[in-house]
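Report on the structure given below.
Laboratory data are not the source of any read-out in this text; all were calculated from the coordinates shown. On a predicted model such as this, the values are computed, not experimentally measured, just so you know. Note that each Cβ is placed from the backbone with ideal geometry, even for glycine, and that neighbours are counted across all protein chains shown.
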Amino acid sequence: MPRYQSYIICTSPRSGSTLLCKLLEATGQSGHPGSHFHQPSIAAWLDDYGLSDRHFADPVSRLSAIFEAARQTGTGTTGMFGLRLQRHSFDFFMQKLAVLHPDQTHDADRIQTAFGRTLFIHLTRDNKLDQAISRVIAEQSGLWHKAADGSELERLSAPQTPTYDAARISEHITTLTAYDAQWQRWFDQQRLSPVRVSYDDLSHAPAQQLARILDALDLDPALATDITAPTAKLSDQTNQAWAQRYQAEASTP
C-alpha cells in the first residue's frame with residue numbers, strides 16, 4: 001500500500017486542534033496543517049490564496065486553482081498535505097469537491113482523488129461544558145490562543161471582559177455535541193476508521209499523542225521526541241467558576 005500523502009484533522013472549535021496542528025508542523029515532515037477551507041465561501045477562499053475571480057473562465061477552473069493553492073500551502077516542502085477541517089464548513093467543502101470530481105460517488109474517494117491517500121484523525125473534547133465555556137470566553141474576550149511563553153498567538157477582536165451567558169453556553173453544548181455525532185455518522189457512512197485523539201490526552205501528553213499520529217502516518221515517531229507544546233492553555237478560574245455555576249443552575253428545579 002502506498003504511503004500516506006495527506007491527513008485531515010476532523011474536529012470542532014476548542015478541541016485542541018491548534019496545538020495539534022503546530023505539533024505536526026514542528027516535525028518538518030508532516031505538512032503545514034491549518035484551516036485551509038475555513039470559511040464556507042468561494043470569495044473567502046479566493047481571498048485566502050490571493051486569487052482573483054477575473055482570471056478564471058469557469059467555476060471548475062476556479063475551484064481547481066483554489067484547491068491546488070490550498071494543497072501547496074498545506075504541504076510546503078514536506079511532501080505531505082495537512083488539513084484541519086471544522087464541521088461547520090464540511091458540507092460546503094464536500095459540495096465543491098463533488099464539482100471537481102463528479103466521477104467519484106463517495107466523499108472519501110473524492111478526498112483521496114484530490115489529496116492522495118488520506119489518514120483521517122478525529123479530534124474531540126469529551127467535556128462539552130468545558131468546550132462550550134472555552135468558546136464563549138474566546139468569543140467575548142477576543143483571545144483565541146496563547147503561545148507557550150504567554151504571548152498572544154491569535155486575537156480576533158479587542159480585549160473585553162467575559163460575561164457569564166448560560167444561554168450561549170447551552171447553545172454551544174448542543175452544537176458541539178451535534179458536530180461530534182455528524183462526524184461519527186460520516187465516518188460510518190464512508191466506512192472509515194479514523195485515528196481518535198481526545199483533547200485531554202493531547203493536552204496532558206502532547207508528545208505521546210504526536211508520536212502515535214506519526215506512527216499512523218508511517219512516519220518516524222521519534223520525530224516527536226524533542227517537540228514541546230507551542231501553545232498555552234487559556235482555561236483559568238473564570239472557566240472553573242462558570243462551569244460550577246452552570247452545573248448548579250442546571251441542577252436547580
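Per 0.36 nm of contour for each residue apart, how much would the distance between SER235 and HIS55 grow if the chain were fully extended, relative to their Cα-Cα spacing?
60.2 nm
Give me the number: length gained by fully extending SER151 to PHE92, i.e. 0.36 nm times residue separation minus the C-alpha to C-alpha distance, one decimal in nm.
That pair, SER151 and PHE92, stretches by 17.8 nm at full extension.
Return one number: the angle in degrees, 0 to 90 and rounded to the nearest 10, between the long axis of the Cα atoms of helix 90-100 and the longest principal axis of the Cα atoms of the chain.
With both axes taken from Cα atoms, the answer is about 10 degrees.
Per 10 Å bin, what percent of the C-alpha pairs of the stretch 130-253 does each bin hold, from zero upward?
With a bin width of 10 Å, the distribution comes to 11, 29, 33, 22, 4, 0.
Evaluate the relative contact order of the stretch 127-253 (contact order divided by residue number), counting alpha-carbon pairs under 8 angstrom at least 6 apart; express in whole percent.
The value is 29 percent.
Please work out how much length the chain gains when fully extended from ALA167 to GLN189, using 0.36 nm per residue of separation minus the C-alpha to C-alpha distance, in nm with one decimal. Please report the intermediate quantities before stating the final value.
Working: separation 22, 0.36 × 22 = 7.92 nm, distance 3.30 nm.
Length gained between ALA167 and GLN189: 4.6 nm.
Which of the residue pairs LYS22/LYS146; LYS96/LYS233; LYS22/LYS233 have a Cα-Cα distance greater than 24 Å in the structure shown?
With Cα atoms farther than 24 Å apart: LYS96/LYS233.
What does the charge count around ASP103 come to, taking other residues whose C-beta lies under 13 Å from its C-beta (Lys +1, Arg +1, Asp -1, Glu -1)?
Once positives and negatives cancel, what remains is 0.
Let me understand the stretch 32-104 better: what is its radius of gyration from the alpha carbons, and its Dmax, in angstrom?
Values for the stretch 32-104 (Cα only, Rg and Dmax): 12.0, 32 Å.
Taking a ≥ b ≥ c as the square roots of the Cα gyration tensor eigenvalues, with a/c under 1.5 meaning rounded and otherwise prolate when a/b beats b/c, else oblate, which class fits the stretch 135-188?
Cα axes put the stretch 135-188 in the oblate bin.
Which whole-number percent is the relative contact order of the stretch 1-142 (Cα, under 8 Å, 6+ apart)? Mind showing how you got there, number by number?
On the way: 192 pairs, mean separation 59.0, N = 142.
Answer for the stretch 1-142 is 42 percent.
Quick one: of the DSSP bridges fully inside the stretch 6-251, what percent are antiparallel, nearest 5? Don't skip to the end; give the middle numbers.
Details: 5 of 21 bridges.
Close to 25 percent.
Once both axes come from the Cα atoms, what is the angle between helix 237-251 and the longest principal axis of the chain, in degrees from 0 to 90, rounded to 10?
80 degrees
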